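The values are calculated or read from the model by the stated rules, or taken from the named source; none is laboratory data. If you're wondering where the values come from, they're calculated on a predicted model, not measured in any experiment. Here the Cβ positions follow ideal geometry from the backbone for every residue, glycine too, while neighbour counts run over all protein chains shown.
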Amino acid sequence: MAASNNLEARVTALETQVQELTTRVRHIEQDARAARVLAGGADRDVTEIRAEIRDFRQAAAASFNTMGEDITGLRKNFTRLRTDFIDLRVEVIDLPTEMNNRLAAVDNGFAEMRGKFDAAAAGMEQIANLLNLLIDQQGGSAADQ
């Protein structure tokens, strides 16, 4: 009889353990389902961020290209205006000294503006290069996948 009481106690203990394990497995299955849902959301987020980065990169490149073209056009217009002004100055060389001084001041102003335009263009080119480098470093691996 002692052996059967011992057997009953062992079977009862095993049944209790099986119930506990069953409950734990159910919780683990629920956690796994929740993890899959979260992973799916993260995957969608990553896909959206990649698309946004790609769109930003294209928009930034287009903006810098457009600004570069604008500066090149301004530089050409400025050069033509300066040439026209120099031609006009040659035509009126016999103006009084005060007028010549004013023309010299205008020439200096044009030279100063040209320098500023050149500096701005160089700065924008540097910014574009840095942005492209940053985008390549951050987005290069995303584009490969």
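State yes or no: is residue 29 assigned to a helix (DSSP H, G or I), at pLDDT below 85 and acidic (Asp, Glu)? In short, no.
Being farther than 30 Å from residue 115 by Cβ, surrounded by 10 or more Cβ atoms within 10 Å (Cβ to Cβ) and modelled with pLDDT of 85 or more: is that true of residue 47 here? If you could, list the steps in order and put the result at the bottom.
Values: farther than 30 Å from residue 115 by Cβ: yes; surrounded by 10 or more Cβ atoms within 10 Å (Cβ to Cβ): yes; modelled with pLDDT of 85 or more: yes.
It is true that residue 47 is farther than 30 Å from residue 115 by Cβ, surrounded by 10 or more Cβ atoms within 10 Å (Cβ to Cβ) and modelled with pLDDT of 85 or more.
Being under 30 Å from residue 133 (Cβ atoms) and either modelled with pLDDT of 85 or more or not aromatic (Phe, Trp, Tyr) (or both) narrows it down to one of 94, 87, 70, so name that one.
Values: 94 fails: under 30 Å from residue 133 (Cβ atoms); 87 fails: under 30 Å from residue 133 (Cβ atoms).
Going through 94, 87, 70 in turn, just one is under 30 Å from residue 133 (Cβ atoms) and either modelled with pLDDT of 85 or more or not aromatic (Phe, Trp, Tyr) (or both): 70.
What residue, of 103, 81, is surrounded by 10 or more Cβ atoms within 10 Å (Cβ to Cβ), assigned to a helix (DSSP H, G or I) and at pLDDT 85 or above?
Among 103, 81, only 81 is surrounded by 10 or more Cβ atoms within 10 Å (Cβ to Cβ), assigned to a helix (DSSP H, G or I) and at pLDDT 85 or above.
Can you find a residue in segment 56-75 that is surrounded by 10 or more Cβ atoms within 10 Å (Cβ to Cβ) and over 30 Å from residue 121 (Cβ atoms)? Quick ask: steps written out before the conclusion?
Filtering segment 56-75 for residues surrounded by 10 or more Cβ atoms within 10 Å (Cβ to Cβ) gives 56-75.
From what is left, the residues that are over 30 Å from residue 121 (Cβ atoms) are none.
Among the residues of segment 56-75, not one is surrounded by 10 or more Cβ atoms within 10 Å (Cβ to Cβ) and over 30 Å from residue 121 (Cβ atoms), which makes the answer no.
Among the residues of segment 4-20, are any touching a helix residue (DSSP H, G or I) at 6+ places or on another chain (Cβ under 9 Å), surrounded by 10 or more Cβ atoms within 10 Å (Cβ to Cβ) and in a helix (DSSP H, G or I)?
Of all residues in segment 4-20, those touching a helix residue (DSSP H, G or I) at 6+ places or on another chain (Cβ under 9 Å) come to none.
Within segment 4-20 (the criterion being touching a helix residue (DSSP H, G or I) at 6+ places or on another chain (Cβ under 9 Å), surrounded by 10 or more Cβ atoms within 10 Å (Cβ to Cβ) and in a helix (DSSP H, G or I)), the answer is no, since none of the residues qualifies.
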